[in-house]
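In what follows, a structure is listed as structure tokens, so that the remarks can point back to it.
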Amino acid sequence: MTMTEFPSETSAAGHRSPGTAVLGILLMGLGVGWLLQRLDIIDLDATLFLPVLLAAIGVALIAGAWDGEHAGLVVFGVVIAIITGLAAVAPSGSFAGGVGERAYAPVAAVDLEAEYHLGLGQLDLDFTALENIGRREVAVRVGAGETRIVVPAGMAVSIDAQVGAGEVILFGQQWSGLDVHERYVSTDYATQPDALRLDVEVAAGKVEVTR
């Protein structure tokens with residue numbers, strides 16, 4: 001009788017991709033860094049974080065080069081390389097403000113900051129509770145990621161939004177591509193005692209302003 005041999009769990013799982021191992025270490029490091037950022041123990045600098053991440057992806061690709069293709073990792077590396085390149089040529093301060101998610105919802109004029117910064121991630125600004133603020137100017141600087149801003153329904157606004165590569169959406173109107181620069185000004189902006197001027201710059205990503 002011929003015996004059919006089945007691969008044991010050990011032999012089936014005996015080969016492990018070095019690239020996969022490096023990628024696992026990379027993801028674990030990112031997770032730990034993100035956790036420490038959320039706990040306000042450290043403040044990640046995107047201008048340092050991006051090159052380290054790109055180098056780690058390169059090590060993972062080199063380590064796994066002999067055991068097959070890693071298409072997903074290659075695509076991820078290309079995206080990070082583009083963002084890193086934009087960080088290198090972006091104006092000073094564009095990638096300041098750490099990495100992760102930031103959400104601000106000021107409820108009074110004294111809570112409204114003159115500038116909001118984020119290096120890499122998602123920035124949410126909810127200004128809907130603001131009233132009687134006078135004429136204020138706010139600068140928003142994001143290196144790479146998504147920026148969502150909600151302004152009060154009846155407030156006069158002037159918005160200057162610029163994205164190096166990505167998308168701008170102002171009250172439903174959409175523009176995308178490279179060096180996108182759009183402006184919106186309320187018809188009563190010059191005459192209202194309460195008005196908000198937003199100067200938004202994003203190196204790569206998306207800006208959306210709604211009411």
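Quick notes
- Apportionment of accessible area to carbon and sulfur, the stretch 99-211, percent (1.4 Å): 45
- Under the criterion of Cα pairs below 8 Å and six or more residues apart, the relative contact order for the stretch 152-208 equals 50 percent.
- Peptides ranked, highest mean first, by Cβ atoms within 10 Å: ranges 138-145, 185-192, 119-126: 138-145, 119-126, 185-192
- Computed from the C-beta positions of Asn132 and Val78 and an R0 of 35 Å, the FRET efficiency is 0.10 to the nearest 0.05.
- Cut-off under 5 Å, modelled amide H: who pairs with Ala105 long-range: Asp126
- Long-range HN-HN contacts of Glu131 with modeled amide H, under 5 Å: Ala109
- One decimal place: the segment Ala55-Arg183 gains 42.3 nm when fully extended, by the rule 0.36 nm per residue minus the C-alpha distance.
The values are calculated or read from the model by the stated rules, or taken from the named source; none is laboratory data. Note that the coordinates shown come from a computational prediction; the quantities given were computed from them, not determined experimentally. All Cβ positions, glycine included, derive from the backbone under ideal geometry; neighbour counts span all protein chains shown. When the accessible area is computed, the model is the full protein with side chains, heavy atoms only, and any ligands, DNA or RNA have been set aside. Shrake-Rupley method; radii C 1.70, N 1.55, O 1.52, S 1.80 Å.
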